[in-house]
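Encoded as structure tokens, the structure appears first; notes follow it.
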Amino acid sequence: MHMEEILSLNSEEMEKLSFNDLVEKIEEIKDYFHQNEVDIELALKLYGKAVELLAIARAKLINFKKEKEEIDEKYREFLERLEREENGGEEENLF
Amino acid sequence: MDRIIEFNDLIDLYEYINRKIELSGLTSEKFRFYADVVRAKSHKTGLFISVSQPYSTRYGSRNIEITVYVPAKLGNVILSRLGLKSSNELVGKKWIFQGRLSFYKDRMSFTFYADTIAPVGDSEIEKRRKEILNELKIQNLLMTEIHDLSELEPIKKIAIISSKTAAGYEDFLKNLTVPLLYRPIVHLYESPMQGAETATGIISALNKIRASQIDYDVVVIARGGGASSDLMYFDDLKLGIEIANFNNYCPVLSGIGHERDFTIPDYVAWKRFATPTEVARAISKQIEDNIKKLDNNWREFEIVMINFLDKYDRKTDESILQIINNSINSNLKTLTKNSIDNLKNIKQFINFTFSSLQKTISADFISYLSDSINNELRNNIKFLENFKTIISQNLNSKISHKDEQLNEIFDSLLAKREYAAILFGGAVLRKEENFVKSVKQVKLGDYLKAFLKDGTLNLKVVKEKNTDKKKEEIDAYGGNTLFKF
């Protein structure tokens, strides 16, 4: 992907990228710096974009407390519903 | 005498015995044994299998026998897993039975409640597994790709299928060593992990996971090590199909038994791990690798930017230095040119001034100056001599005049005899308005005034002597001070 395409990515598009895609783009920017004579203006834009990509990738690694609590709650409610359903159809004990 | 316990009926007796058995914990223990099947009968409530073994007594050979009961819902599963069409095929062979003892009320005897029947020897188990694998292969459900957890998104939500009390579940949790911030959510979906209910339990758990609508990143099937007969119930075609299909929804990671143990889930799972511990470590590593990947990229980016900015700074410095250099050179050239011109001008000016001066200062002028100075000096000396003469004459005149005045004063003083003593260093005494010329003029207690050349004294007569005698002593006072002569 060319640098122009990476620079044109907005927040929503970056959020949709997988972790590995984000890392890939970060590395592409890094390689571009190594392989090209970069103008200061473009360099600052690319650096800013790389920082954004890194922040989004980092957020994909973290289990935020609120998110975790919501998922745990969903799990608890699901198990409770299953338990209620199973208790309704209890099998006859043979012995 | 022994105590006799009396019961009104058999039910009372049964309840007493049953209570004793329960208190002993016998029915809570799990047993596994090998035995020959002598009879087997299918009933709507389940399989009734008689197992027997002969033993010798002094009266001859006898048989020990127990009924093995398998509930109907497990009976068909077990027969299917063993590859048997009917319960009759169990008869005449030795099998492994696993389960618990139950005190059967109708007969008031022990029945063995089996959840597992396995063939003796691994060959049968292996044979059955191969048949399942062939079927899975035909259906193209075997996992042929070798996956790595790095292919997956960072693992944050894990559904684990295991038993709450199983060592495998505990091992998994213990080995999930990830920093708190990145620690994944682990939700347990319980399933029996041994016996005939294993496969159905796991399939049920997979269905629950899907029904939960929680987008788990991976599903882990975890069970610790055990005998082949424990693990053989993982060898189930339906379970294999379910797991293989479930991978399309969410990757399934298997961690069942030990390194040497292979069960059907291992062949169809997205990735197979030898043990639950190994699964947990691999997940931890994936998370840690991802953290490192970002950390490293961040550090490298910092270095890249620092190097870039350094390079840019240097480049900027060089161009600025070049401009300064050019400017200095240009200014220097201008300055040099101006300086040379100025120098020429100064030289010309000096030359001109010198030549003018040379013309102006001649020997006549110097001679004229010398004469003027000599005349001035002579005039000044003459003036000073005249001034000295005038001063000297003036002083002599003034001195002479003062001499005359002094002589006049002296003469006038001499004319007044009473004061003459003062002129020669003496004193003049007066009593009131009269001059004291003799002691006779005074008496004790009189007050006198003495006039001297530099002032006056007030005196009091304190002692008197004979007229012939001179006063030897006079106490004198001046103000508050008394003087003695």
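Just so you know, all these numbers are worked out from the coordinates, no wet-lab data involved. The shown structure was predicted, so the numbers you read here are calculated from the model rather than taken from an experiment. Here the Cβ positions follow ideal geometry from the backbone for every residue, glycine too, while neighbour counts run over all protein chains shown.
Observations, loosely collected:
- Anisotropy class of the range B:10-120 from Cα gyration tensor, a/c 1.5 cut: oblate
- Centre-to-centre, using Cα atoms only, the range B:122-182 and the range B:242-285 are separated by 2 Å.
- Since only B:GLN348, B:GLY425, B:THR389 are under comparison, the one whose Cα sits farthest along the positive direction of the charge dipole of the protein assembly as shown, derived from C-beta charges on Lys, Arg, Asp and Glu, is B:GLY425.
- Ignoring lysines fewer than eight residues from B:LYS463 along the same chain, the ones with Cα atoms less than 25 angstrom from its Cα are B:LYS431, B:LYS437, B:LYS440, B:LYS443, B:LYS449, B:LYS471, B:LYS484.
- For the range B:243-383: relative contact order, % (alpha-carbon pairs under 8 angstrom, 6 or more apart): 12 percent
- Of all beta bridges that DSSP places with both ends in the protein assembly as shown, some 70 percent have antiparallel geometry.
- Dmax and Rg, reported as Rg then Dmax, of the protein assembly as shown (C-alpha, Å): 68.2, 200
- Computed magnitude of the charge dipole of the range B:13-75 (debye, nearest 20; Cβ of K, R +1, Cβ of D, E -1): 120 debye
- Packing here is the average count of other Cβ atoms within 10 Å per residue, and on that basis the peptides B:284-293, B:318-327, highest first, run B:284-293, B:318-327.
- For a modelled paramagnetic label at B:ASN207, 7 Å from Cα along Cα-to-Cβ, the residues of the range A:53-92 in reach, with backbone nitrogen under 18 Å, are A:78-92.
- Taken over chain B, the convex hull of the Cα atoms encloses 753 Å³ per residue.
- Nearest-ten-degree value, helix B:10-24 long axis tilted from longest Cα axis of chain B: 40 degrees
- Separation of the B:LEU309 and A:HIS34 label points, Cα + 7 Å toward Cβ, nm: 2.2 nm
- Amide N proximity, the range B:184-224 versus A:GLU70 label position 7 Å along Cα-to-Cβ, cut-off under 20 Å: B:184-187, B:210-218
- Under 20 Å from the B:PHE110 label point (7 Å along Cα→beta-carbon), backbone N, the range B:56-99: B:56-57, B:62-71, B:95-99
- Normalised contact order of chain A, rounded percent, pairs of Cα under 8 Å and 6 or more residues apart: 32 percent
- Inter-probe distance in nm under a simple model that places probes 7 Å from Cα toward Cβ, at A:ILE62 and B:ASN396: 12.4 nm
- Stokes-Einstein D (µm²/s) once Rh is taken as the Kirkwood radius of chain A over alpha-carbon pairs, at 20 °C in 1.002 mPa s: 126 µm²/s
- Cross-link pairs exceeding 19 Å between alpha carbons, from the set A:LYS25/B:LYS292; A:LYS30/B:LYS311; B:LYS208/B:LYS285; A:LYS25/B:LYS315; A:LYS16/A:LYS45: B:LYS208/B:LYS285; A:LYS25/B:LYS315; A:LYS16/A:LYS45.
- Once both labels are positioned 7 Å from their Cα atoms along Cα-to-Cβ, the gap between B:ASN407 and A:ASN20 label points is 14.9 nm.
- Couplings 3J(HN,Hα) for the range B:275-281, derived from phi with the Karplus relation 6.51 cos²θ - 1.76 cosθ + 1.60 (θ = phi - 60°), are 9, x, 4, 5, 4, 4, 5 Hz, where x marks Gly and Pro.
- Summary value for chain B: 8 percent relative contact order, contacts being C-alpha pairs under 8 angstrom separated by 6+ residues.
- For the protein assembly as shown, the residue among A:ASN20, B:GLY224, B:GLN322 whose Cα projects farthest onto the positive side of the dipole built from Cβ charges is B:GLN322.
- Cα-centred dipole magnitude for the range B:10-120, charges only on beta-carbon of K, R (+1) and D, E (-1), debye, nearest 20: 260 debye
- Extended-chain gain in nm, criterion 0.36 nm per residue less alpha-carbon gap, B:LYS388 and B:SER61: 99.5 nm
- Amide H partners (placed H, <5 Å) of B:SER191, local residues excluded: B:SER162, B:SER163, B:LYS164
- Over chain B: helical MRE at 222 nm, DSSP H runs n ≥ 4 each giving -39500 (n - 2.57), nearest 500: -16500 deg cm²/dmol
- For the range B:62-202, with +1 on Lys and Arg beta carbons and -1 on Asp and Glu, the positive-most of B:PRO192, B:THR111, B:LEU173 along the dipole: B:THR111
- Our summary of shape: the Cα atoms of the range B:126-291 have principal axis extents of 46, 31, 31 Å, ordered from largest down, in whole angstrom.
- Size of electric dipole in the protein assembly as shown: Cβ of Lys, Arg +1 and of Asp, Glu -1, about Cα centre, debye, nearest 20: 3900 debye
- Number of partner chain Cβ atoms within 10 Å, mean per residue of B:153-161: 3
- The chymotrypsin sites (Phe, Trp or Tyr not before Pro) found in the range B:1-56 that occupy coil by DSSP, while having at most 14 further C-beta atoms within 10 Å, are B:PHE7.
- An ellipsoid equivalent to the range B:219-346, defined through the eigenvalues of its Cα gyration tensor, has semi-axes of 81, 13, 7 Å when rounded to whole angstrom and sorted largest first.
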